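What follows is a single structure, written as structure tokens, with notes after it.
The values are calculated or read from the model by the stated rules, or taken from the named source; none is laboratory data. None of these values were measured; they are calculated from a predicted model. With ideal geometry, Cβ positions are generated from the backbone for all residues, glycine too; neighbour counts draw on all protein chains shown.
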Amino acid sequence: MMTTVMTYGADVGGMLASLVGRQPSPNSGTRRLLLTQVRVMAKIGYARVSTRSQKDDSQIDELTGYECEKIFTDKASGKLADRPELDKALAYLREGDVFVITRLSRAMRSLKHLLALADELRERGIDLVVLKQQIDTTTPTGRLVFHILGAIDEFQRELIIEGTREGLDAARARGRTGGRKPKLSAAKAATVRRMYRATGPDGKRLHTAAEIAQTVGVHRTTVYDYLNKEG
């Protein structure tokens, strides 16, 4: 947002002329008007609306009611990562601005993404306001909410890591190791080997990979993978 700040500077030449009894120069004035453009804090909105009609989405009305100077709008699609207007909004923001959304889900793909975006905005000196969840990082309470969300995210990651580690330890104690269960049982593997090695009087193989796969009930690529491992 650009605003014009008016300041007045003294015309030194005109003051000196008046002191010695001379007429000021035509180009002189008792005061000179200085115009300076200064960018002040702006509220920049972002919405992700239905593909049916932007006018039917209340987000635009809410952001307009919050007096957002500029609103960037993405149309919802199946591609969660495809949000070009969000990228434009983030690039447009400047230090001192406020990034405004109606709901966390409108701009954030996950809690991890939310925290990463909040960190980026904080480093750039930009605040975040979420209207529906009443989050406002311009206030101490709003900043506290983000600290709590960050702690929850860290706690969830630790739980996942700890649970995975305990599950693997328990499996090893039962004689099992991690990884995907083999597609071929020992009996089926023996059948594959036997059929693959079978040859006729002319020395040619009696069975194709497709026939072997159909016999043991797996895909042809599984047979190839197994035979490659066996050498």
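What's the total number of residues in the range 179-231 that are among the charged types (D, E, K, R) and within 30 Å of Thr164 (Cα to Cα)?
5
Tell me which residues, restricted to the range 212-231, are surrounded by 14 or more Cβ atoms within 10 Å (Cβ to Cβ), free of Cβ contacts under 8 Å to residues at least 40 places away in the same chain and in a helix (DSSP H, G or I). The answer is Ile212, Ala213, Gln214, Thr215, Val216, Arg220, Thr222, Val223, Asp225, Leu227. Here Thr177, Thr199 are screened, and the one residue that is of a type in the set (Ser, Thr, Tyr) and at pLDDT 75 or above is Thr199. If the condition is being loosely packed, with under 14 Cβ neighbours inside 10 Å and in contact with a helix residue (DSSP H, G or I) (Cβ under 9 Å, 6 or more places away or on another chain), then the range 134-153 contributes Gln134, Ile152. Summed over the range 91-110, residues that are part of a helix (DSSP H, G or I) and in contact (Cβ under 8 Å) with a residue 40 or more places away in the chain total 3. Given the conditions (1) more than 30 Å from Ala42 (Cβ to Cβ); (2) within 46 Å of the chain's Cα centre (by Cα), report the number of the one that Lys188 does not fulfil. Exception for Lys188: condition (2). Residues that are in a helix (DSSP H, G or I), modelled with pLDDT of 85 or more and farther than 14 Å from Val98 by Cα within the range 111-145 comprise Pro140, Thr141, listed in sequence order. Being farther than 17 Å from Met41 by Cβ and either surrounded by 15 or more Cβ atoms within 10 Å (Cβ to Cβ) or modelled with pLDDT of 85 or more (or both) is the requirement here; does Ser58 meet it? For Ser58, the condition - farther than 17 Å from Met41 by Cβ and either surrounded by 15 or more Cβ atoms within 10 Å (Cβ to Cβ) or modelled with pLDDT of 85 or more (or both) - is met. Only one entry of Thr222, Thr138 meets the criterion of being within 30 Å of Ala47 (Cβ to Cβ), polar (S, T, N, Q) and out of contact with any Gly (no Cβ under 7 Å at 6 or more places or on another chain), and that entry is Thr138.
Only a single criterion out of (1) assigned by TED's automatic domain parsing to the domain that holds Thr102; (2) within 22 Å of the chain's Cα centre (by Cα); (3) free of Cβ contacts under 8 Å to residues at least 12 places away in the same chain is not satisfied by Ala151, namely (1).
Among the residues of the range 189-205, which ones are outside any loop (DSSP other than H, G, I, E, B) and without any contact (Cβ under 8 Å) to a residue 24 or more places away in the chain? Scanning the range 189-205 gives Ala190, Arg194, Met195, Arg197, Thr199, Arg205. Does Ala198 qualify as being surrounded by 12 or more Cβ atoms within 10 Å (Cβ to Cβ) and of a type outside the set (Ser, Thr, Tyr)? For Ala198, the condition - surrounded by 12 or more Cβ atoms within 10 Å (Cβ to Cβ) and of a type outside the set (Ser, Thr, Tyr) - is not met.
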